[in-house]
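**Q** If you scroll down you'll find the structure; I have some questions about it.
The values are calculated or read from the model by the stated rules, or taken from the named source; none is laboratory data. As the structure is a prediction and not an experimental result, all values here were calculated from the model. For neighbour counting, all protein chains shown are included, and Cβ atoms are generated from backbone atoms with ideal geometry for every residue, glycine included. Note: areas computed on protein heavy atoms with side chains; ligands, DNA, RNA excluded. Shrake-Rupley method; radii C 1.70, N 1.55, O 1.52, S 1.80 Å.
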There are 4 protein chains.
Amino acid sequence: MKAFSLQQHVRFGHVDPAGIAYYPRIYDYVHEAFEELWDVHVGRRYYHLITEDGLGFPLVHSEVDFKSPLRFGDRVIVRITCFKLGTSSLGLRYVYTVGETVCLDARMTTVCVRLKDLASIPIPDAYRARFAQILEQS
Amino acid sequence: MKAFSLQQHVRFGHVDPAGIAYYPRIYDYVHEAFEELWDVHVGRRYYHLITEDGLGFPLVHSEVDFKSPLRFGDRVIVRITCFKLGTSSLGLRYVYTVGETVCLDARMTTVCVRLKDLASIPIPDAYRARFAQILEQS
Amino acid sequence: MKAFSLQQHVRFGHVDPAGIAYYPRIYDYVHEAFEELWDVHVGRRYYHLITEDGLGFPLVHSEVDFKSPLRFGDRVIVRITCFKLGTSSLGLRYVYTVGETVCLDARMTTVCVRLKDLASIPIPDAYRARFAQILEQS
Amino acid sequence: MKAFSLQQHVRFGHVDPAGIAYYPRIYDYVHEAFEELWDVHVGRRYYHLITEDGLGFPLVHSEVDFKSPLRFGDRVIVRITCFKLGTSSLGLRYVYTVGETVCLDARMTTVCVRLKDLASIPIPDAYRARFAQILEQS
């Protein structure tokens, strides 16, 4: 199984007085990683997906384990795999590690929709093929 | 069962070009509601909990259903109950509604820790009693 | 001269490891205060201004003095006055105080535009009258 | 005169319903660019500046011209120069362009302080030399 990996930086303004990433910021990281997955792995700019294809992937369910805090100065590696690839439904898993330590394990389930009416539609085949490449073995 | 309710506003800067609250913002709402729960329902300012008691409640697990989008201009009601009250573990549920529509159902599990070393400790009795008041019936 | 005053709270997630409000957050406070000014002082919901009037007030210039840090737990008072009321141009001043201490003095110049093409237009009279009420004496 | 340049991306969650970057986000970009300036141009990680040197550069004054909106999908170039290099005072200018268009011109004045008591101190020579390299000609 392939995975898509990306490095992200925990910056000064992202952490709270305890020196730990304020958790809403973590969802910013996840969204940024999601956009990068589109731009680089899928090869379709997320910007074009929205503005030209008129498609979006709103979140319908998220489940996140916070295993170890992300701290100021961490240069985190996130590894993205696909845990669900339904007709319209797309489940992506984001595992964040600092060195050997798993800090965060996030499973985000989205649905492919037409933006004009938010109706769910099948994930287009060209995109589906890319997510199949990072599909977790069951 | 009692619950603690609070109104929150979906502002212009919180929504994306589709007019829907950008989901990392939603975790900002949840954290703000959590601080208000301390200040108003528990009756201990969250600020004093951290700076005087030296206690914190870092998140260990979150599970969120996004049922209906929050939109610019919505004046959302969030209703907070407790779904888990262990020795150190505190599970709070945040149900967001706009009119009759449930938009978001978030279950956030935190652990009571001493901030100086992040060691988990029992939830102090005075605080436990307040969370017991909003405990969901099993 | 009247002014419009509002209380805002510096929350845990808004401050950095030095315990001081991370400055991009301060612009969130200013924008929130701007929306409240519309809703409460002008008496036109900012939401309706945008969605029904099709008007907006994008920022063209900002000038901010950071005089004293805002800290976690501060319950700040912001006092809004108008320092410029041109045909299309609207300059609002936001002075933040904690007790006797002035923490922040922000002058934000916006322009009234039609959202459909971002063309500048005169500030409608009904709104202009409200800003005149909080106009600083020269 | 040298300048330090960096590319930044305007992402989906950064823009408002008008498709324009929500302005508090712009200060996030500026802060991120500031951290990169330290890490790459100065050659001292901002993280180490804070945690090992015990130094910080809080903002005392900001002046920003918003000339043209930043939009979703823009891959902006920011060019950083130094417009003031006093004993303790450091003024950095961030000019953001998209293609030939200047979108933003921000002048941020900071002061070098010891974090333990926020007392202003002279900018250390090794760092001063780096800022001198990007000093604007008067």
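**Q** Test C:Glu136 against the stated conditions and say whether it is in contact (Cβ under 8 Å) with a residue 60 or more places away in the chain and acidic (Asp, Glu).
**A** Answer is yes for this residue.
**Q** Checking B:Ser120 against (1) at pLDDT below 95; (2) of a type outside the set (A, V, I, L, M, F, W, C); (3) more than 19 Å from the chain's Cα centre (by Cα), only one condition comes out false. Which one?
**A** In the conditions (1) at pLDDT below 95; (2) of a type outside the set (A, V, I, L, M, F, W, C); (3) more than 19 Å from the chain's Cα centre (by Cα), B:Ser120 misses (1) alone.
**Q** Count, please, the residues in segment C:118-138 that happen to be open to solvent by 50 Å² or more (accessible area, probe 1.4 Å) and either within 14 Å of chain D (Cβ to nearest Cβ) or of a type in the set (D, E, K, R) (or both).
**A** Residues in segment C:118-138 being open to solvent by 50 Å² or more (accessible area, probe 1.4 Å) and either within 14 Å of chain D (Cβ to nearest Cβ) or of a type in the set (D, E, K, R) (or both): 6 in total.
**Q** Collect the residues in segment D:37-67 that are within 27 Å of B:Asp16 (Cα to Cα) and touching a Leu at 6+ places or on another chain (Cβ under 8 Å), keeping them in residue-number order.
**A** Passing the criteria: D:Val64, D:Asp65, D:Phe66, D:Lys67.
**Q** Then there's this: Within segment A:118-138, track down each residue that is within 30 Å of A:His9 (Cβ to Cβ) and in contact with a strand residue (DSSP E or B) (Cβ under 8 Å, 6 or more places away or on another chain).
**A** A:Phe131, A:Ile134, A:Leu135, A:Glu136
**Q** What is the residue count in segment A:87-117 for residues that are in contact with a strand residue (DSSP E or B) (Cβ under 8 Å, 6 or more places away or on another chain), surrounded by fewer than 14 Cβ atoms within 10 Å (Cβ to Cβ) and either at the interface with chain B (Cβ under 10 Å from one of its Cβ atoms) or not in a strand (DSSP E or B) (or both)?
**A** Selection size over segment A:87-117: 0.
**Q** Working only within segment B:44-62, note down all residues that are more than 11 Å from chain C (Cβ to nearest Cβ), of a type in the set (Gly, Ala, Ser) and closer than 11 Å to B:Arg114 by Cβ.
**A** Of everything in segment B:44-62, just one residue is more than 11 Å from chain C (Cβ to nearest Cβ), of a type in the set (Gly, Ala, Ser) and closer than 11 Å to B:Arg114 by Cβ, namely B:Gly54.
**Q** Is segment C:42-55 home to any residue that is under 30 Å from C:Gln137 (Cβ atoms) and touching a Cys at 6+ places or on another chain (Cβ under 8 Å)?
**A** yes
**Q** To continue, here is another question. Restricting to segment B:37-86, name every residue that is in a strand (DSSP E or B) and of a type in the set (Phe, Trp, Tyr).
**A** Those that are in a strand (DSSP E or B) and of a type in the set (Phe, Trp, Tyr): B:Phe66, B:Phe83.
**Q** Working only within segment C:50-80, note down all residues that are open to solvent by less than 40 Å² (accessible area, probe 1.4 Å) and without any contact (Cβ under 8 Å) to a residue 40 or more places away in the chain.
**A** Hit for segment C:50-80 is C:Ser68, nothing else.
**Q** Then there is this: Residue by residue through segment B:120-138, note down the ones that are outside any loop (DSSP other than H, G, I, E, B) and farther than 15 Å from B:Ser89 by Cβ.
**A** B:Asp125, B:Ala126, B:Ala129, B:Arg130, B:Gln133, listed by residue number.
**Q** For segment A:1-17, name all the residues that are open to solvent by 40 Å² or more (accessible area, probe 1.4 Å) and free of Cβ contacts under 8 Å to residues at least 40 places away in the same chain.
**A** A:Pro17
**Q** Is there any pair linking a residue in segment B:100-119 that is free of Cβ contacts under 8 Å to residues at least 24 places away in the same chain to one that is surrounded by fewer than 20 Cβ atoms within 10 Å (Cβ to Cβ) and of a type in the set (Gly, Ala, Ser), with Cβ under 7 Å and at least six apart or on different chains, and which?
**A** Sorted first by the residue in segment B:100-119, then by its partner, the list stays empty.
**Q** Could you pull out the residue among B:Val113, B:Val60, B:Val30, B:Val42 that is aliphatic (A, V, I, L, M) and closer than 29 Å to C:Tyr47 by Cβ?
**A** B:Val30
**Q** Ok, one more. Every residue in segment D:21-40 that is surrounded by fewer than 22 Cβ atoms within 10 Å (Cβ to Cβ), away from chain A (no Cβ under 11 Å) and either of a type in the set (Val, Ile, Thr) or in contact with a helix residue (DSSP H, G or I) (Cβ under 6 Å, 6 or more places away or on another chain) (or both), please.
**A** If the condition is that a residue be surrounded by fewer than 22 Cβ atoms within 10 Å (Cβ to Cβ), away from chain A (no Cβ under 11 Å) and either of a type in the set (Val, Ile, Thr) or in contact with a helix residue (DSSP H, G or I) (Cβ under 6 Å, 6 or more places away or on another chain) (or both), then D:Pro24, D:Val40 are the ones that fit.
**Q** Let me ask another. Residues of segment B:1-15 being in contact with a helix residue (DSSP H, G or I) (Cβ under 6 Å, 6 or more places away or on another chain) and not in a helix (DSSP H, G or I), which ones?
**A** Scanning segment B:1-15 gives B:Lys2, B:Phe4, B:Leu6, B:Gln8, B:Arg11.
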